[in-house]
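Presented below is the structure to which this report refers.
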Amino acid sequence: MPDTNIADHAIQPALTDPADLVSALQATSMLAAIRIKRLGLGRADREASKEAAERHGARADATRLTVNRLAGADHYHQQLAKLQNTAREAFNAVTLAWGDGDGWRLLPNANFNRVLRDMQPITEQMRQVKAEMAANVDSIIAAAAQGVGRLNVKPPTADEILSGYSMEFVFQPLPDGSRFKGLPEATVQALTAHIISKTRASWESAQSEAMGRVAEALDHLVERLTAYQDRMERQARGEEVGRQGVFNDTLITNVAELAQLLPAFNAVNDPRLAALSERLASLCNGVDGDTLRKDQKARDQAMQQARDMLDVLAVWKAKP
């Protein structure tokens, strides 16, 4: 049964006064974004597209042949793209989506140093790859020219390649109405009310995302432990199971990571999130992958705790 002490709360901010919510968020969080620039490799070859259409008896606009401008020479591009993707995943892990999808995310102040720490080795690897790419740019262009063959697309220039990749992090405080100057009071009040309304909507969405992350991790834990239990039962019957039902240590370490992150995401001291953090920490306390593999009692307890939390989350989600 769900714990009604926390399950009976609707999905609403802990602070009911919207202005207080904005003030609390401003005191505990900031907005952050990762801005990534990556050289575009695809270019359309109109002549080749037309020839392909004619060869198949199709309209001229039926085909579009896209050429990789670094064909056979995109090794550095792939390395840089992978590093950028890794950075975005790490950045998103410690932030929550914010606003209308314009790239800004809510970064708890408690996670600011972690962003700097996690991104430092990635940015250093990018610097090294870019330096090596610069040293070999002429051979990259020559290989790319050979790679595109007689297609009517030219490889990127050295300037395009060397300026084509970047990654930066930008930060700004959450907005409020105090920055509007020189406007009629009624206009300032209307703009302030608009900001407060958007902030509240964004926070509710961010809060739901945090809960969604927890639900996804718990669902996965129950699913994999159930499959592992089936594996053990089949083995006990002497059946061949191969790799069926095995799980990685990340099954529990991912939950432990959320238990550590959730308090930082609780920017307005929502008692539900505080209780959920404690429950997650309790589930992971003294438990690792080997324990879950060897100890059926530990597996049963972990699954029951996970199911209880999923019941609570389902109640929260169902409430208007």
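Here are some notes:
- Solvent-accessible area, 1.4 Å probe, carbon plus sulfur percent, for the stretch 113-216: 53
- Average accessible surface area per residue within the chain, 1.4 Å rolling probe, Å²: 55
- Efficiency of FRET from Cβ geometry, H194 and R127, R₀ 41 Å, rounded to 0.05: 0.50
- Note on exposure: R59, R150, R213, R46 ranked by accessible area (1.4 Å probe, complete protein assembly) read R150, R46, R59, R213, with the most exposed listed first.
- Assuming charge only on the beta carbon of Lys and Arg (+1) and of Asp and Glu (-1), the dipole of the stretch 215-317 about its Cα centre is about 140 debye to the nearest 20.
- Lys, Arg +1 and Asp, Glu -1 on Cβ, resulting dipole of the chain about Cα centre, debye, nearest 20: 860
- Value at 222 nm in deg cm²/dmol, rounded to 500, when DSSP H runs of n ≥ 4 in the chain each add -39,500 (n - 2.57): -20500 deg cm²/dmol
- Note on the chain: dipole from Cβ charges, positive end direction compared against W316, G147, S29; the farthest Cα belongs to G147.
- Projected label distance in nm at E89 and T157, using a 7 Å step from Cα toward the beta-carbon: 3.6
- Length gained when the stretch A201-K294 is fully extended (0.36 nm per residue, less Cα-Cα span): 28.9 nm
- Shape annotation for the chain: C-alpha extents along the principal axes are 80, 70, 46 Å, from largest to smallest.
- Three principal axis lengths of the stretch 156-273 [C-alpha, angstrom, descending]: 81, 55, 19
- Given in Å, the Rg to one decimal and the Dmax to the nearest whole number for the Cα atoms of the stretch 87-132 are 12.6, 38.
- ³J(HN,Hα), Karplus 6.51/-1.76/1.60, whole Hz, each residue of the stretch 263-279, x for Gly, Pro: x, 5, 6, 7, 5, 10, 6, 5, x, 5, 5, 4, 5, 5, 4, 5, 5
- Those lysines that a straight Cα-Cα span of less than 23 Å connects to K154, excepting residues fewer than 8 apart in one chain: K37, K50, K130
- Each of P121, F169, N111 was placed along the dipole of the stretch 110-223 (beta-carbon charges, centred on the mean Cα), and the one lying farthest toward the positive end is F169.
The values are calculated or read from the model by the stated rules, or taken from the named source; none is laboratory data. On a predicted model such as this, the values are computed, not experimentally measured, just so you know. Because the Cβ atoms are built from the backbone with ideal geometry, glycine has one as well, and the counts that use them run over all protein chains shown. All accessible areas refer to the heavy atoms of the entire protein, side chains included, with ligands and DNA or RNA removed. Shrake-Rupley method; radii C 1.70, N 1.55, O 1.52, S 1.80 Å.
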